[in-house]
Amino acid sequence: MQFPYLSFIESLQPSDLGWIDANAEILNLRPHDLLISEGSSNSDLYILETGLLSVYTGDSDDGENVLHHEIARIGAGSLVGDLSWLETQVTSASVSALENSLILRVDGAALEEKIAADSEFAARFLHGIARLIAQRLRETTNTLTRYAANASRIAVESEPANLLLGEVEDFKSLLMELDRQLIAAPDAHIDAKLAELQPAFQFLLLEFNALMSTALPVHVRADVGAIVQREMLPYISLASVTERLYAKPRGYAGDFQTVDLLYRNEAGGHGRLGPLVDRCFLDEPAAKAIRNRRAFIAADIRARVADAGAFKVTSLACGAAQEIRDVFHAEPNAQIRYTAIDIDNEALESVQRWADATAHADLIQPIQANLVYLTTGRQELDLAPQDLIYSLAAIDYLNDQFVVKLLDWIHAHLAPNGRVLLGNFHPSNPDKAFMDHVLDWHLIHRDQDELNRLFMASKFGQPCERIVFEEEGVILFAEGVKR
């Protein structure tokens, strides 16, 4: 669940989005269907509504042996083809579907005519494209800066940074020593090795986070992050959960399958060290907090259902909706009408399969929807007034402007005295630096004051009714009530 073209759509008005919808052709791609071919002329723009795309260079030599190199994966809610449309040059990469994907194709000629005839639309549209490209350029620059990091310069400019890099080396030395021990005694009890490694892992991540929270010069922070990532990545890639968070096989870190791995809390990975590193991360505060938020929401719903009887609940960016499964498992007679909203069709199919296998299928309704489209009026839902609308993680990925719009949408769909509960990582998250710089898992962290300000700016018009932390104190839930 992520919205890569948020900067683009923010610049547009509802009438602009209406024009795009009215002039777009719907394309349905199956796995391996080609959308854009490298070296071809492309004058159209594409918006990925659902599914997953692969961006790659190269081709196959004989139609069987694939020689291409994947550059990126594009998740739902992305804009594709904007550079070739702007430059009117041949495309620099190919784009094909990895799974069933629904795409809107905006005809380039029609778009050029609209821009020429409507100067206000043109200004907004091109401003949106510029913001999108600037965002991508910034991300690319940050990546290049990280990989151009110079450890010797850091040692001269920042003694604390130099000390941290020494701790990274100590951690790697410990890993190598544990690996040698496991080679010599492959049947050794893994808990003994974990008892040595885990304190060192926790200490390193705490020190890393503390350093990156100080007023380091920007270039030093970028260099430190790059070096720590480069030195830790070979070991992180051995562990099942951290490797998936870093690789983002569905286009973003927190996809429903990755979250399921975090929920299962079973260490896995490759070789002798993979399961050890995986166990270390699964026991980190951030991973525990993700498991706790599932339990928090389930307990909250169960308490309300016991008092209310029939209950209408909607989950935004629901993923596999494990928390509602927990509720129905604990309360098999609960009369909960549950609406599961997500942009990921595979997540919704998982919810549907579960519902079909239970006695609650008639109470559960999965709906494919894009939160950005809902908040901008581009997509409408026929949703009865809800008693509770919640999200475990949606606003971790949304900027303040869109959170306010989302709150407005939620307010409009709540029954009188209905509630909203939104989860958000808190800035005190001790794993933030590791997530940001090693896993490239960038979330928007907010504190209580920031969440109160967002609620006040929305149609709720007042601070949060309450703000509650899960047990680790890493993720908070902001609650609002429609008065």
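The values are calculated or read from the model by the stated rules, or taken from the named source; none is laboratory data. Note that the coordinates shown come from a computational prediction; the quantities given were computed from them, not determined experimentally. For neighbour counting, all protein chains shown are included, and Cβ atoms are generated from backbone atoms with ideal geometry for every residue, glycine included.
Before moving on, here are some points about what is shown:
- Filter pass, residue 444 being closer than 23 Å to residue 372 by Cβ and crowded, with 23+ Cβ neighbours inside 10 Å: no
- Residues of segment 34-57 classified as within 24 Å of residue 247 (Cβ to Cβ) and surrounded by fewer than 16 Cβ atoms within 10 Å (Cβ to Cβ), total: 2
- Among the candidates 306, 347, 334, residue that is under 18 Å from residue 259 (Cα atoms) and either assigned to a helix (DSSP H, G or I) or outside the structural domain of residue 102 (by TED's automatic domain parsing) (or both): 347
- Of residues in segment 398-420 being crowded, with 22+ Cβ neighbours inside 10 Å and closer than 30 Å to residue 281 by Cα, the one modelled with the lowest pLDDT: 398
- Residues considered: 88, 57. Of these, the only one that is of a type outside the set (Gly, Ala, Ser) and at pLDDT 80 or above is 57.
- Evaluated against (1) assigned to a helix (DSSP H, G or I); (2) on the phi > 0 side of the Ramachandran plot, residue 440 falls short on exactly one condition, (1).
- Checking each residue in segment 300-335 for being closer than 19 Å to residue 479 by Cα, in contact with a helix residue (DSSP H, G or I) (Cβ under 9 Å, 6 or more places away or on another chain) and small (Gly, Ala, Ser) picks out 315, 317.
- Selected residue (criterion: farthest from residue 124 (Cα to Cα)) from residues of segment 8-26 that are assigned to a loop (DSSP other than H, G, I, E, B) and at pLDDT 85 or above: 23
- Here the condition is being touching an Asp or Glu at 6+ places or on another chain (Cβ under 7 Å) and either assigned to a helix (DSSP H, G or I) or modelled with pLDDT of 90 or more (or both); of 204, 194, it holds for 204 alone.
- Any hit, segment 109-119, residues being crowded, with 17+ Cβ neighbours inside 10 Å, small (Gly, Ala, Ser) and outside any loop (DSSP other than H, G, I, E, B): no
- The residues of segment 350-397 that are assigned to a strand (DSSP E or B) and either in contact with a His (Cβ under 7 Å, 6 or more places away or on another chain) or within 17 Å of residue 77 (Cβ to Cβ) (or both), listed by number, are 367, 368, 386, 389, 391.
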